[in-house]
1. Inside segment B:82-111, can you point out the residues that are within 24 Å of A:T96 (Cβ to Cβ), part of a strand (DSSP E or B) and open to solvent by 10 Å² or more (accessible area, probe 1.4 Å)?
2. Tell me, which strands (runs of 3 or more DSSP E) lie completely within segment A:13-82 with 2 or more residues that are surrounded by fewer than 19 Cβ atoms within 10 Å (Cβ to Cβ) and at pLDDT 95 or above?
3. Answer yes if at least one residue in segment B:46-68 is closer than 28 Å to A:V4 by Cα, at the interface with chain A (Cβ under 10 Å from one of its Cβ atoms) and hydroxyl-bearing (S, T, Y), and no otherwise.
4. I'm checking my understanding of the structure. Among residues of segment A:83-106 that are open to solvent by 30 Å² or more (accessible area, probe 1.4 Å) and among the acidic types (D, E), which one is farthest from B:F33 (Cα to Cα)?
5. Can you tell me how many residues in segment B:25-81 are farther than 14 Å from A:R101 by Cα, basic (K, R) and open to solvent by 70 Å² or more (accessible area, probe 1.4 Å)?
6. For residues that are at negative phi and either out of contact with any Phe, Trp or Tyr (no Cβ under 7 Å at 6 or more places or on another chain) or facing chain B (nearest Cβ under 9 Å) (or both), tally how many sit in segment A:26-69.
7. Looking only at segment B:6-24, which residues are in a strand (DSSP E or B) and either open to solvent by 40 Å² or more (accessible area, probe 1.4 Å) or under 16 Å from B:D49 (Cα atoms) (or both)?
Amino acid sequence: ETAVFQTPNYHVTQVGNEVSFNCKQTLGHDTMYWYKQDSKKLLKIMFSYNNKQLIVNETVPRRFSPQSSDKAHLNLRIKSVEPEDSAVYLCASSFTGGSERLFFGHGTKLSVL
Amino acid sequence: GEQVEQLPSILRVQEGSSASINCTYENSASNYFPWYKQEPGENPKLIIDIRSNMERKQTQGLIVLLDKKAKRFSLHITDTQPGDSAMYFCAASASNMGYKLTFGTGTSLLVDP
């Protein structure tokens, strides 16, 4: 059953546009993540938040900005998208720490034309 | 940071045979090693994990082995079935790098009936 909800499922846009993705988890977790999965299926962490605080901020372009209003919600905004941003963006959540099970959403597939 | 190498990238086996996937990591402080399965069009799901206080763990046709000295861990699927066909990802995290799970590059497993 799904407990990490992402919207939208798909988004097609043009270079230079701004996009926003939303994620909500109903598992009571206190840590949330954004992962990027490219066309080769590589999973790369982008950000993680613990109780609304940014904990991990990998080397991603500055046009990416996460936002968290509370521990159940984590959004991702991309200003001025580039073709290389085309990917599936997976949101995940877990309890505190680096050794807890991640629950993933079904992802938002972004296509930049 | 942590780097996780995973081999092979593609694995094709006959139904009923076993399949093995190997991963190596760099950070000697890594202490948690989960394995995720991702079926086509689906999100990654945890199938088994092992912590650094164990060398072997087995559950429902899955065996994971951990060699901390060699910084190597592996997944063995016994008696493979067509339903085992999927992408498999190993991952590692360290308590001193909390909130950050680093994934391997993935193995595409195909089980021929």
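1. Step one: filter segment B:82-111 for residues within 24 Å of A:T96 (Cβ to Cβ), giving B:89-104.
Remaining after also requiring part of a strand (DSSP E or B): B:89-94, B:102-103.
Across segment B:82-111, the qualifying residues are B:T102, B:F103.
2. Numbers: elements: A:19-25, A:31-37, A:43-50, A:53-57, A:64-70, A:73-78.
The strands (runs of 3 or more DSSP E) meeting that bar are A:19-25, A:73-78.
3. no
4. It comes out as A:E84.
5. 4
6. The initial filter retains those residues of segment A:26-69 that are at negative phi, namely A:26-27, A:29-40, A:42-50, A:53-69.
Imposing the further condition that a residue be either out of contact with any Phe, Trp or Tyr (no Cβ under 7 Å at 6 or more places or on another chain) or facing chain B (nearest Cβ under 9 Å) (or both) reduces the set to A:26, A:31, A:33, A:35, A:37-40, A:42-45, A:48-50, A:53, A:55-56, A:58-65, A:67, A:69.
Adding up the residues that qualify gives 28.
7. As a first pass, look at segment B:6-24 and keep what is in a strand (DSSP E or B): B:6-7, B:10-14, B:19-24.
B:Q6, B:L7, B:I10, B:R12, B:Q14, B:S20, B:I21, B:N22, B:C23, B:T24, listed by residue number.
The values are calculated or read from the model by the stated rules, or taken from the named source; none is laboratory data. Remember, it's a predicted structure, so these values are computed and weren't measured experimentally. Cβ atoms come from the backbone with ideal geometry, glycine included; neighbour counts cover every protein chain shown. Note: accessible area is taken over every heavy atom of the protein model, side chains too, but ligands, DNA and RNA are not part of it. Shrake-Rupley method; radii C 1.70, N 1.55, O 1.52, S 1.80 Å.
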